[in-house]
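Trainee: Here it is, the structure, as structure tokens.
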Amino acid sequence: EDGPIKVGVILPMSGGSAYVGEGIFTGVELAVKQVNEAGGVLGRPLEILLRDEQLRPDVSTAAMRELITLEGVQHFIGPATSATSLANSQIAREEKVVNISPSAKTEALTAGENLHDYIFQLAPTTDVDGVRTVEVLKGIGTESICFTGFDYAYTHDWFAAVRANMGDIREAGAFLVPMNATDFSATITQLLSADCDTVIGTQFGGSFIAFIKQATPFGLFDSKTVLWGSNTGDHAVAAALGAELPAGLWASAADVWYYEGLESHAAYQEALADFQGRKETDMWPITGYNAVKFLAAAIDTAGTTDPTEVAAALDGLTIQTPLGEITIDPETNRANSPEFYGRFEPQDGSNAARMTDLRLVR
Amino acid sequence: MTMFSASIWEESSMGILQVEGINVSYGLSKVLHNVSLKVGKGELVALVGRNGVGKSTTMRAIMGITPSSSGQILWKNRPITKRASHLNARDGLGYVPEERRVFGSLTVWENLDVARRPPREGLEPWTEERVFALFPDLEHFLTRPAGLLSGGQQQMLTIARTLMGNPELILLDEPSEGVAPLIVAQIGKKIRELRDTGVSIIMAEQNLDFVLNLSDRCYVLEKGMIVYHGTAAELRDNEEVQNRYLHI
Amino acid sequence: MFANPMILFIQVMNSFSLAMNLFIIAAGLTLIFGVLRIVNFAHGAFYMVGAYLALSILGVTGNSNLGFVLGVLGAGAAMGAMAFVVERVLLSQLYDKEHMLQLLFTFALVLVIKDVVKMIWGSGQYSISAPPFLRGAVNLGISPYPKYALFLCIAGPIIAVAIWFFMERTRWGRILRAAREDRVMLNALGTDVKLVYSGVFVAGAALAAMGGALAAPRSAVDPGMDALVIIDAFIIVIIGGLGSLLGSFIGALILGFLTVMGSIYLQEWAIVASYVMMVVILLVRPWGLFGKPDEERH
Amino acid sequence: MAFLEITDATKKFGGFLAINAVTFCVERGARHAIIGPNGAGKTTLFNLISGLILPTTGSITLEGKRLAKKKPHEIVQIGMARSFQKVNVFPRKTAFENVQVALIASRKLQYNPFRGAAELFRDEIMELLEQVKLGADSERRAGELAHGKQKQLELAVALAAEPKILLLDEPTAGMSIAETLSSIALIRDIVQERGITLLFTEHDMNVVFEIASTISVLHHGEIIATGLPQEIRVNDDVQRIYLGRE
Amino acid sequence: MTNRSQLAFLALLFLILLAVPFMGSRYLTELTVQVMIFSLLALSLNILVGHIGLVSFGHAAFFAIGGYATAFFLSRWQLPLGIAMPMAVLLASIFALMIGALCVRLKAIYFAMLTLAFSMLVWGIIIKWKPVTGGDDGFVGIALPQFLSSPQNFYWFTLAVVSISTALMWVLSKSTMGQIFVAIRENETRANFLGVNVRQMQLIGFVLAALFAAVAGSLMSMYLRGMYPQSAFWTQSGHIVISVLLGGVHSFVGPILGASLLYLLEVTIHQYTQYWPLVMGLILIIVVLVLPEGLIGLFRKLYTSVRRE
Ligand SMILES: Nc1ncnc2c1ncn2[C@@H]1O[C@H](COP(=O)(O)OP(=O)(O)OP(=O)(O)O)[C@@H](O)[C@H]1O
Ligand SMILES: Nc1ncnc2c1ncn2[C@@H]1O[C@H](COP(=O)(O)OP(=O)(O)OP(=O)(O)O)[C@@H](O)[C@H]1O
Ligand SMILES: CC(C)C[C@H](N)C(=O)O
Ligand SMILES: [Mg+2]
Ligand SMILES: [Mg+2]
């Protein structure tokens, strides 16, 4: 068979989380460009077919089925979130197509009954995050901790993992708010009066920005150490908040453009900056980038586009990524992707704060 | 098949309002056919005819609420055929609809206030006091929401409201409908007084006694056409027209 | 919490400032419904556009006190101008048609506006900071409290009284209320109802936009902000009684307190609290707290 | 015991006494008119009897059954039909369908999701429409009929319910002389023919005296006189407050 | 459109639907399944909107309840389809009876908002009742009966269920009950004074509408192999309202046209641009301005112009 190899890409492209989808998609485009410029895979170029998942499992599964039945797509990257990824994974199992989830962190995606041969999870799961988070907390010297966040799977799982690992760190309260809440003043007041030295939280996107802006005048960041999950270490967040990003906030990120520890990362950043036309790039592209690279490598290894064989090739596959070697565990179908942890500090000569004390945790 | 009475309309007298051959349709059904009429200054003209012959439609067309598809309407010799109704109202046309369209949630006073417009040269300006002198009932209900008034009270309010706009020509659609006999008589008297102050009036009415006592001239409509016009006295004497177009 | 009166006080303040933030948004929705009888789904989108417009204006003026005032007013003016065009060219053709078409129209407007915003400003997040004189906290004697939240507590009632005065105590207000009932008749009484309608739609849209600009310093400017606000605004307007300004004010207070107290006592179950409240209020008072039944005489 | 009995009925709107301790009865088969100035409380009285509003105090019975707490549709099912002062039809249904709905409801077919409605009761409906001179308008939408014709349609709809007692609130207001005359004849005939008891209001005295067998006069919410038409016609109070003839 | 032309349209549609699986495209077959389900959903809402004149913004609740219940009965209790599906529909109808009894006391926009509130309560419960519903991740993975697992068979099953439901709703709309529904829409007071217990009839309509919505939900959950909380969210309800309006409420087939067009547009525009909301929005605006009676208005215009020639 000739002609391009079709890759279905299903991401949130509208609404409040569109920035995630657009970010991941940028990485996908960059990687596909690189692969194709290098002669493609098995001599065939990759072709992207993009669909908007709208954060809705019914929409994301419908898109997947459409791509399978109408376009004959057999390889998928996406969707971005846990709920949509879980749903699409079922279709992948039924239709026997390769499905690489670049950013969903839920344990459930590749645990128990849900694990099957065709689903691969690149983002570190919440269990992994839990261990890493506690490590960082211990480094900070946290003795007591408060939790806050949206009431959804990622929050519950991450908090559970932190609790399971935190040893003698004392829990002083958990203050969950409904998904997509926009007013956090009550929670902030509660956090202030709670008996903890550290706060960890999960609101992301616009809600994280709202939280910061509401909490700052109350002095939350002056009186407590704050560590945020949900990849809020993203440069996009720092750029949006500008001078309003409180110094000293701890966060994690899949990637930061100013990391200087690896040659491969510098090369990737140069290419990305070139591709996007700006030097200060965001975090999400790397997830899409790695997903494409994994897929291309697997097809190459398998020597065929047949999804069953490609899936088999992904098991145990190791590739070179901008952040070093990453391997997909053949048992769990999870990749051991690293993530950055760090503490925001304002930068001279720049509006956007950057993370210092940057550690690339594996 | 028209039965024009010849005597009355002297071509020389200039009408304040001239309607020339207008046609009106609702969707596909044509309701008015070539309706022409004239009203002189200070004249009271009646439109009579059975239900559904087009009396109200004629008034709505003049007011600019239901536009006519062809023909011409001249107000003080200027064409107003397709003009929006608020401009007509500001230019001295007043409309009292048949369905008593009071603003139900506004109080009686607010209903009057909303319709208030500057006085017109040569006409005594209308004030609340003058209106209440005309309809004493209304004064008792100043602060009651108009929607709670009885049917007849609403009828009075619609007339009063239009007067607050200081109109030069009033289109009165069935003013006596639903009004008690005593008040009908009073309204009749007031209408005559109004006319005597120089206001022109076009009135559609079913109550023939009322019409014949009040009006200067009458137009009889049948199926959207003017089939007769003459002075009130002529119509009173013309039993044939009465029997043919107004009785059974 | 009740053991500590200071915290209780802060939470009450939190409730009130949130309520006023919500009220400013709901006021425009009430106004448009009250006169035009249109359930404006695009209200949230107008709110979002307002925030983005303020963002762009502040980009030019810089983050000064004057810049902020210009941003808020400019957002209202620019949104109002756009609303005027939309009303004149499109919406005005639908007044005589079925109610549901207007609903469909405003829904379509949401889709269009969202994408146009995305085209102009992208899908990333932005932030507007409070103007210098409202930054930081003020000491209320027993505890510090954000100045900006305090500012909302004052701005809300002022806006409420201004609108109330306009609607109930001026002839203009009476004309608006008459227009809601019978526009054809009002027109025949000499009022340019088309202009009244445009004016109301413009004013409602401008209020939404200014609401967006005013809300921005305590939230993010991003493409999801419209969806989050519209349901809150609807709940307020409905429980207060459609078209009733006082109702919206009280409705905003109720929702504000419920949101704040709910997130303390109900935590994540607060998600259903506002709906439970709406159900209860509508069952007890089917026309909302201050709404009037559309009673007719027969 | 009278057919319809209103005993000491009072209705207050806020502080306003619209109906004040009204007691009167309508005999079976009577054609009873209620007259009175605008705002006297006639429509309010009708609304009380037909269950649209609840009396503040007092009782209303039809054939001995208490009506006061019943819902309008229950009162209709007992055998009362009414028309409204302000025309009240199904505007987008044809005249034919307007009458058909009344028939379906009176025969309790509204619970049947399977019985086709299309041509149901055609003959009966056409006969009723002919009677009110709307035969030619049967396929026109009610809302598009001229005001007076809608009033005629209301009459047909009320009759279709085959009531024992019929309440008509100003049935001929807005009708032309021609239609008024034929309506008078129609109402009188049908009521007599079917043995329907009639309670109506009207400001057109010709109509009142043509139809009524008994007349009550309502003033400021109180019945100030009841009697035969010839008695009422010469009653001084009625002359003064209502008819206004010197 | 006259009854006869609507019937002709439905018959033609049915014939076309019979042919779809033989066209050899699995995509087309599956797409048609979804279009049929959404059409059924729109038709069910039209009992309320078009006939009774009540606009529900919470109709999706019953769609969701039907879907979740089917999923639960099939997967957790492992009931056979012949029992699971009717039980799910019955359950949704019981919910409708309870919710409807409270909602029909309200009018117009207040009715719309109360239904919305109830549906959001249902949504909240779905989100929070994780052990039964799967919470915000959704109920993932439904054990479908063997005979439904092939796309072809699923198509035939859907066609049968949707056709029977449609036929029942057609009969209803032309029945004396349907006539009374319309009378209530036109003038509640007048209907009341003809002896119609308006609240009771509205409740009957509400339950019937919910019943067919639950059938649609049941089919959808099986088609999706899962059910998700978004299906009870108010935007889903709004989507149904829009399909109905787009098609036109005053005819039987309007909602079918509306739902089909809306869904097909969404799917196809998606394939061409990520700016699909913009394109959708513009199309909707044009429809509203040019075809105020919905798509059915277009058909009617075409029909009369053809007749005239
Ligand atoms: N909105 C409308 N749509 C369609 N037809 C209408 C409409 N309004 C009136 N008509 C028709 O136009 C014709 C004239 O109606 P119009 O109301 O002018 O009569 P009218 O002489 O005032 O009658 P009435 O004495 O009963 O008030 C009637 O046949 C009526 O059915
Ligand atoms: N819901 C209400 N609230 C307050 N006042 C009311 C209400 N309904 C009626 N009224 C008042 O009660 C009085 C009686 O009204 P009603 O409609 O019964 O009079 P009517 O005798 O039918 O008059 P008409 O002959 O003019 O129709 C009027 O003064 C009216 O304003
Ligand atoms: C896009 C991200 C916010 C997704 C999130 N980490 C999840 O697993 O759902
Ligand atoms: Mg008329
Ligand atoms: Mg009355």
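Trainee: Test each condition in (1) out of contact with any Gly (no Cβ under 8 Å at 6 or more places or on another chain); (2) surrounded by fewer than 20 Cβ atoms within 10 Å (Cβ to Cβ); (3) more than 11 Å from chain C (Cβ to nearest Cβ); (4) touching a residue at least 12 places away in the same chain (Cβ under 8 Å) for A:Ala164 and report the one that comes out false.
Mentor: All conditions pass for A:Ala164, except number (1).
Trainee: May I ask you to verify whether A:Gly72 is more than 9 Å from chain E (Cβ to nearest Cβ), closer than 20 Å to A:Asn290 by Cα and more than 16 Å from ligand 5 (Cβ to nearest atom)?
Mentor: No, not satisfied.
Trainee: Given the structure, is A:Ala174 more than 27 Å from A:Ala18 (Cβ to Cβ) and more than 7 Å from every other protein chain (Cβ to nearest Cβ)?
Mentor: Criteria met by A:Ala174.
Trainee: Same structure again: For the structure I just gave you, tell me whether D:Ile60 is more than 10 Å from chain E (Cβ to nearest Cβ) and either within 13 Å of ligand 2 (Cβ to nearest atom) or polar (S, T, N, Q) (or both).
Mentor: Here the answer is no, as D:Ile60 does not meet what is asked.
Trainee: Further question: Of everything in segment D:188-219 that's closer than 24 Å to B:Pro175 by Cα and of a type in the set (Asp, Glu), which residue is farthest from ligand 2 (Cβ to nearest atom)?
Mentor: That would be D:Glu210.
Trainee: A further question follows. Determine the pairs where a residue that is at pLDDT below 95 and more than 16 Å from ligand 3 (Cβ to nearest atom), located within segment B:54-67, has a partner that is acidic (Asp, Glu) and assigned to a loop (DSSP other than H, G, I, E, B) with Cβ atoms under 8 Å apart, the partner being 6 or more residues away or on another chain.
Mentor: Matching pairs, first to second residue: B:Ser56/B:Glu98.
Trainee: Kindly indicate which of C:Val276, C:Val221 is at pLDDT 90 or above, surrounded by fewer than 24 Cβ atoms within 10 Å (Cβ to Cβ) and within 14 Å of chain A (Cβ to nearest Cβ).
Mentor: Just a single option satisfies the conditions, and that option is C:Val276.
Trainee: Moving on to the next point. Looking for whichever is away from chain C (no Cβ under 11 Å), closer than 22 Å to C:Tyr275 by Cβ and either of a type in the set (S, T, N, Q) or part of a helix (DSSP H, G or I) (or both) here; the options are E:Ile127, E:Ile94. Which one fits?
Mentor: Step by step, each of E:Ile127, E:Ile94 is checked, and only E:Ile94 is away from chain C (no Cβ under 11 Å), closer than 22 Å to C:Tyr275 by Cβ and either of a type in the set (S, T, N, Q) or part of a helix (DSSP H, G or I) (or both).
Trainee: While we're looking at this one, here's another question. Run down E:Ala191, E:Ala183 and say which single residue is within 25 Å of D:Ile78 (Cα to Cα), touching an Asp or Glu at 6+ places or on another chain (Cβ under 9 Å) and either hydrophobic (A, V, I, L, M, F, W, C) or open to solvent by 40 Å² or more (accessible area, probe 1.4 Å) (or both).
Mentor: None of the other options fit; the residue is E:Ala183.
Trainee: Can you tell me which of D:Ala95, D:Ala68, D:Ala178 is over 15 Å from the mean Cα position of the chain (by Cα), crowded, with 19+ Cβ neighbours inside 10 Å, more than 9 Å from every other protein chain (Cβ to nearest Cβ) and small (Gly, Ala, Ser)?
Mentor: D:Ala95
Trainee: Which of (1) open to solvent by 30 Å² or more (accessible area, probe 1.4 Å); (2) in a helix (DSSP H, G or I); (3) in contact (Cβ under 8 Å) with a residue 40 or more places away in the chain is the odd one out, the single condition E:Leu144 does not satisfy?
Mentor: (2)
Trainee: Now a separate question. Condition (residue is in a helix (DSSP H, G or I) and more than 13 Å from ligand 3 (Cβ to nearest atom)) applied to segment A:7-18: is it met by at least one residue?
Mentor: Residues of segment A:7-18 in a helix (DSSP H, G or I): A:15-18.
If we keep only those that are more than 13 Å from ligand 3 (Cβ to nearest atom) too, we end up with none.
Within segment A:7-18, not a single residue is in a helix (DSSP H, G or I) and more than 13 Å from ligand 3 (Cβ to nearest atom).
Trainee: In the set D:Ala185, D:Ala161, which member is surrounded by fewer than 17 Cβ atoms within 10 Å (Cβ to Cβ), at pLDDT below 90 and away from ligand 4 (no atom under 16 Å from the Cβ)?
Mentor: D:Ala185
Trainee: For segment B:109-116, state whether one or more residues are within 16 Å of ligand 1 (Cβ to nearest atom), away from chain D (no Cβ under 13 Å) and either part of a loop (DSSP other than H, G, I, E, B) or open to solvent by less than 40 Å² (accessible area, probe 1.4 Å) (or both).
Mentor: Looking for residues that are within 16 Å of ligand 1 (Cβ to nearest atom), away from chain D (no Cβ under 13 Å) and either part of a loop (DSSP other than H, G, I, E, B) or open to solvent by less than 40 Å² (accessible area, probe 1.4 Å) (or both), one finds none in segment B:109-116, hence no.
Trainee: Using beta carbons and a limit of 8 Å, which pairs, at least six apart or on different chains, have the first residue in segment A:1-18 and more than 11 Å from chain C (Cβ to nearest Cβ) and the second one of a type in the set (S, T, N, Q) and more than 16 Å from ligand 5 (Cβ to nearest atom)?
Mentor: A:Glu1/A:Thr305; A:Ile5/A:Thr305; A:Lys6/A:Gln74; A:Ile10/A:Ser60; A:Ile10/A:Thr84; A:Ile10/A:Asn88
Trainee: Condition first: more than 23 Å from E:Asn192 (Cβ to Cβ) and within 16 Å of ligand 4 (Cβ to nearest atom). Now tell me which residues in segment D:164-182 satisfy that.
Mentor: D:Thr172, D:Gly174, D:Met175, D:Ser176, D:Ile177, D:Ala178, D:Glu179, D:Thr180 - these are the residues of segment D:164-182 that are more than 23 Å from E:Asn192 (Cβ to Cβ) and within 16 Å of ligand 4 (Cβ to nearest atom).
Trainee: Do the conditions hold for A:Val28, that is, is it within 14 Å of chain C (Cβ to nearest Cβ), part of a helix (DSSP H, G or I) and not small (Gly, Ala, Ser)? Don't jump to the end; show me each part of the working.
Mentor: Details: within 14 Å of chain C (Cβ to nearest Cβ): no; part of a helix (DSSP H, G or I): yes; not small (Gly, Ala, Ser): yes.
No; evaluated as a whole, the condition is false for this residue.
Trainee: What strands (runs of 3 or more DSSP E), lying completely within segment A:52-170, carry at least 3 residues that are more than 15 Å from ligand 3 (Cβ to nearest atom)?
Mentor: A:144-150
Trainee: Which of the helices (runs of 4 or more DSSP H) found entirely inside segment E:222-291 contain at least 1 residues meeting this: in contact (Cβ under 8 Å) with a residue 40 or more places away in the chain and more than 9 Å from chain C (Cβ to nearest Cβ)?
Mentor: Once the helices (runs of 4 or more DSSP H) in segment E:222-291 are filtered for at least 1 residues that are in contact (Cβ under 8 Å) with a residue 40 or more places away in the chain and more than 9 Å from chain C (Cβ to nearest Cβ), what remains is E:234-247, E:254-272.
Trainee: Any residue in segment B:70-77 that is within 18 Å of the chain's Cα centre (by Cα), at negative phi and not in a strand (DSSP E or B)?
Mentor: no
Trainee: Just one of the numbered conditions (1) open to solvent by less than 10 Å² (accessible area, probe 1.4 Å); (2) at pLDDT 95 or above is not true of E:Ile52; which one?
Mentor: Tallying (1) open to solvent by less than 10 Å² (accessible area, probe 1.4 Å); (2) at pLDDT 95 or above, E:Ile52 fails exactly one: (2).
Trainee: Being modelled with pLDDT of 95 or more and hydroxyl-bearing (Ser, Thr, Tyr), is that true of even one residue in segment C:90-99?
Mentor: Within segment C:90-99, not a single residue is modelled with pLDDT of 95 or more and hydroxyl-bearing (Ser, Thr, Tyr).
Trainee: In segment A:78-108, how many residues are within 11 Å of another protein chain (Cβ to nearest Cβ) and within 20 Å of A:Gly27 (Cβ to Cβ)?
Mentor: So the count comes out to 6.
Trainee: Within segment D:38-66, take every residue that is of a type in the set (Gly, Ala, Ser) and touching a residue at least 40 places away in the same chain (Cβ under 8 Å) and give me the one that is farthest from ligand 4 (Cβ to nearest atom). Step through it out loud before you land on a result.
Mentor: Pass one, segment D:38-66, residues of a type in the set (Gly, Ala, Ser): D:39-41, D:50-51, D:58-59, D:64.
Checking which are touching a residue at least 40 places away in the same chain (Cβ under 8 Å) leaves us with D:40-41, D:50, D:58-59, D:64.
Working: D:Ala40: 26, D:Gly41: 28, D:Ser50: 27, D:Gly58: 38, D:Ser59: 41, D:Gly64: 43 Å.
This residue is D:Gly64.
Trainee: Looking at A:Pro45, A:Pro102, can you tell me which residue is closer than 23 Å to A:Phe204 by Cα and away from ligand 5 (no atom under 16 Å from the Cβ)?
Mentor: A:Pro102
Trainee: Taking A:Phe184 as the residue in question, decide whether it is under 15 Å from A:Leu227 (Cα atoms) and aromatic (Phe, Trp, Tyr). It would help to see each step written out before you state the result.
Mentor: Numbers: under 15 Å from A:Leu227 (Cα atoms): no; aromatic (Phe, Trp, Tyr): yes.
So A:Phe184 fails the test.
Trainee: Select from segment B:120-175 the residues that are free of Cβ contacts under 8 Å to residues at least 24 places away in the same chain, within 14 Å of ligand 2 (Cβ to nearest atom) and either touching a Leu at 6+ places or on another chain (Cβ under 8 Å) or of a type in the set (Ser, Thr, Tyr) (or both) and list them in ascending order.
Mentor: Selection gives B:Ser150, B:Gln153.
Trainee: Considering every residue within segment D:21-37, establish whether at least one is under 16 Å from the mean Cα position of the chain (by Cα), more than 16 Å from ligand 4 (Cβ to nearest atom), surrounded by 19 or more Cβ atoms within 10 Å (Cβ to Cβ) and under 12 Å from D:Thr10 (Cα atoms).
Mentor: no
The values are calculated or read from the model by the stated rules, or taken from the named source; none is laboratory data. The structure presented is a predicted model; accordingly, all values stated were derived computationally and were not measured. Here the Cβ is made from the backbone with ideal geometry for all residues, glycine too, and neighbour counts use every protein chain on show. Accessible surface areas use protein heavy atoms only, side chains included; no ligands, DNA or RNA. Shrake-Rupley method; radii C 1.70, N 1.55, O 1.52, S 1.80 Å.
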